[in-house]
Structure formats: C-alpha cells, structure tokens
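Remarks on the structure that follows.
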Amino acid sequence: MTLTFGPILSRRFGMSLGIDLSPNLKQCNFDCLYCEIQKEECEKVEQYIDPLVSSKIVVEIEEALKRFPEINVLTFTANGEPTLYPFLDELIELLKPLNKKLLILSNSSMLY
C-alpha cells in the first residue's frame, strides 16, 4: 500500500506528509476544468471501501513519521476528493494521538 508521499515543504504549514486516500482511481464528485488530475470518468466510491483500510493508513503514516520526524502536518488529498473516503471521520480520530496538524485539500462539497 502506498498512500503516503513526501515530505513536501509548504510555505504556510512547514513539512507536509501527503496522504492519498484514493491512489488507484480518480474519486471525485466534480470534473473541474483546472484539475491537475487527468480527465477521466470518476469511479464509484464503493469500489475502494474496506473497513480495515483506515488502520492500514495509520500504520503507513506512523512508518513515514519515523522516517521523517520533521513532518509538521498531515495533508489529505486524493485522486479527486478526499472527503469521499467513507471512513474519514474514523481515520481522523485514529490520527489524533499523533499530535500532528491535519489539512484536507477539498472542494468542500461533502463537508456536511
């Protein structure tokens, strides 16, 4: 599983670890003209739902933090919209003990 990338230096947030919640498929509810992801049909979210994925993501993040202790922020992104990840609330709760800032790059359409 390769869901993390970076670290990437952010002028506003310091060193950031990217977390791609949809590494294999474009998962988005928009098709924005300015999107950096190649135009293609968006796949249905159900295709990657796995209740164990959140704990696997946490393990991968913990391993990345051991390699890069200078990371200040965890940045959620995706091949599309990270708030479409069905267990985002659960994942955020699992990450709280790491004491890192969380940043979600979102189109904000699913914040309800």
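Observations
- Summarising the amide proton neighbourhood of Thr4: residues at separation of 5 or more, or on other chains, whose placed amide H is nearer than 5 Å comprise Asp20.
- Around the amide H of Gly80, modelled in the peptide plane, lie the amide H atoms of Gln27, all under 5 Å away and 5 or more residues distant in sequence or on another chain.
- Per-residue Karplus couplings for region 11-28, computed as 6.51 cos²θ - 1.76 cosθ + 1.60 with θ equal to phi - 60°, are listed in order as 4, 8, 10, x, 7, 10, 9, x, 10, 9, 7, 8, x, 9, 9, 6, 10, 8 Hz, Gly and Pro entered as x.
Read the figures in this text as sums done on the coordinates, not as results from a lab. Note that the structure is a prediction, hence the values are computed from the model and not measured.
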